[in-house]
Each structure stands twice: as structure tokens, then as C-alpha cells.
Amino acid sequence: MNYSNRSCFSFTIPGLDKIFPLSAMPWGLVAICLFSLAIRIFCWYMESTVSRDGILYLNMAEIWYDKGPAGLRLLIRQNIFIPPFFLYLIRVLMHVGFAAETAGIIISISAGTLLPAVIYRIIRVFPSTEEMGLAGALLIAVAPGAVELSTEIQRESLYLLFSGLVIWFMLLALKQRKNIYFVPVGLCIALAVWTRYEALEFLPLAIFGILINLCYQKQTLWQAVQALIICLFSTIGCFLWLALLMQLPLEVVAFYRNRVDLLFSLLFGGAF
């Protein structure tokens, strides 16, 4: 058996490469993620304060936990509603038995811990060595801004994780010309949109990437149309599925209308 192309710092997961290129996971990346976790836990332990926004998010999550969908309608009437996925995850952990503050910091630290792995995978999409990928992962693991965001009860750390996943799967879809990757692209866009409104801008970015591939003749017109259909239907389908999963009232749609109208006015000169 030939072992010349196999790193001594990696392990493989049999059969997983047939679905996603996740095998040959370097042990160095595992160590960096554990190091990232240790840094974030230490920083939170040294300064475990809750920001003003964090207090607002915790109060909203507790209202949703106590009153259910009626609590969401109350927040909407008070015009203090935000994209609810971060609050939903806090609520889920509260049902398990965690306090709201503990749940919020677990989510933020977990997202920040996984972010180096996503950065590693983005770098490895391009021609690069394993060391280059690990260097990028280590940089994001110790970056002060990234550490600070993931040691506070904020949405940004979770949003960065979903945004990184969108970029990774989008690069895989465009570079390898495999439209199946637009399914996880749509899922991650939907997760990001339910975390922050700004993620809606990923849709025109995906369309632009498909057009670039078409212009450089890396895809036929029919393949480009298929990619566009898969991306749009996956995003819309996952968006609605998450709305049903979170049991959101219809009033939530109004809070996305302004952002969608702005996006369409920039792209097409009119409202949706």
C-alpha cells in the first residue's frame, strides 16, 4: 500500500470523501481548535461581563422561553425584534436546563471554536499546503477581535461561522463545478439570514459567482441555470423549514421586508 501521499498528522474517515472532502483531517487542526476553545474559555473566565446588547438578547430569549410564540408577538409589537436563530438556540439550551446566560456563552464560544476549521477548509480549496491552511486557522484562533466576539453573548460569532460555511461550499461548487454543493450553500445562507439580516447579500454573491463561471466557460448555460435553481430553491426551502422549526409567527416576515426591498432596489431598481 502506498502511503507517500498521506500525512502523518492526519486521520481519515472512510467513505466521507464521497460526500464532502472532510477526510484527511489534520491533527494540527484539531489541536488548533482545542487551543481556540481554551483561549476563549480563559478570556471569558477572566472577564465574564455581559454587554448591553447581550442583556437585551437574554431578556428576549427568556420572554420567548416563558411565553412561546406569544412572546415573539410581544417583542414584534415593541419593535425590538431581531433575527431569531441565536435566540432560538438559547431557548433550546434553556429547555435542556441551562440558564440563559450560560446558554448564550456556550453558543458563542462553540461557534468561535469551530471557525478556525472553516478558515482552514476555505484556504485548502485553493492550491496550498497543509501548513498554509493551519497558519490561517491559527491566526483566526488567536485574533483578538474574533476572540472577543466569541466570549460575549453576541450573534456575530455564530454569523461568522455560517458566513464562512457559505463561502467554503460556494467555492467548492464553483471550483469543482459540482452543483450539489449549492444545497449546503442554501442551507448556510438560510441559517445566516436567520442570524443577521446582512446575510441576504450572499444571494447576489452566489449569482455573481455562477455568472463568472459561465463567462469563463467553466460551465454550460444549462449547468449555470441548474446551479441557480438549486441555490435559490435550497435557500428558500431551508429558510421556510427553519421558520417552521422555530415556530415563528407570520409577523416576522415584515421584519425582513425592508431588507429584501433594499436588496431588490439595488439589484433591479424596484421593490420585491
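Quick check on this structure: which one of 76, 63, 82 is modelled with pLDDT of 90 or more and open to solvent by less than 60 Å² (accessible area, probe 1.4 Å)?
On the way: 76 fails: modelled with pLDDT of 90 or more; 82 fails: modelled with pLDDT of 90 or more.
Criteria check complete, one pass: 63.
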request  = Would you mention how many residues in segment 85-125 are open to solvent by less than 40 Å² (accessible area, probe 1.4 Å), in contact (Cβ under 8 Å) with a residue 40 or more places away in the chain and either touching a strand residue (DSSP E or B) at 6+ places or on another chain (Cβ under 8 Å) or not small (Gly, Ala, Ser) (or both)?
outcome  = 14
ask   = Taking segment 175-215 only, how many residues are surrounded by fewer than 21 Cβ atoms within 10 Å (Cβ to Cβ), among the hydrophobic types (A, V, I, L, M, F, W, C) and over 30 Å from residue 81 (Cα atoms)?
value = 6
ask   = Which residue pairs have Cβ atoms closer than 6 Å, lie 6 or more positions apart in sequence or on different chains, and pair a first residue in segment 211-222 that is touching a residue at least 40 places away in the same chain (Cβ under 8 Å) with a second residue that is open to solvent by less than 90 Å² (accessible area, probe 1.4 Å) and part of a helix (DSSP H, G or I)?
value = 219/213
inquiry  = Return the residues of segment 98-143 that are more than 20 Å from the chain's Cα centre (by Cα), of a type outside the set (Ser, Thr, Tyr) and within 22 Å of residue 49 (Cβ to Cβ); say none if nothing qualifies.
reply    = 98, 99, 100, 101
message = For segment 131-162, give me each residue that is in contact (Cβ under 8 Å) with a residue 40 or more places away in the chain and open to solvent by less than 30 Å² (accessible area, probe 1.4 Å).
response = 133, 137, 141, 147, 150, 151, 153, 154, 155, 157, 158, 161
inquiry  = Restricting to segment 223-247, name every residue that is more than 23 Å from residue 65 (Cα to Cα), touching a residue at least 24 places away in the same chain (Cβ under 8 Å), among the hydrophobic types (A, V, I, L, M, F, W, C) and surrounded by 15 or more Cβ atoms within 10 Å (Cβ to Cβ).
reply    = 227, 230, 231, 232, 238
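The values are calculated or read from the model by the stated rules, or taken from the named source; none is laboratory data. Only a predicted model underlies this, so the values are computations on that prediction, with no experimental measurement involved. Neighbour counts are summed over all protein chains in view; Cβ atoms, including those assigned to glycine, are modelled from backbone coordinates with ideal geometry. Only protein heavy atoms, including side chains, enter the accessible area calculation; ligands, DNA and RNA are left aside. Shrake-Rupley method; radii C 1.70, N 1.55, O 1.52, S 1.80 Å.
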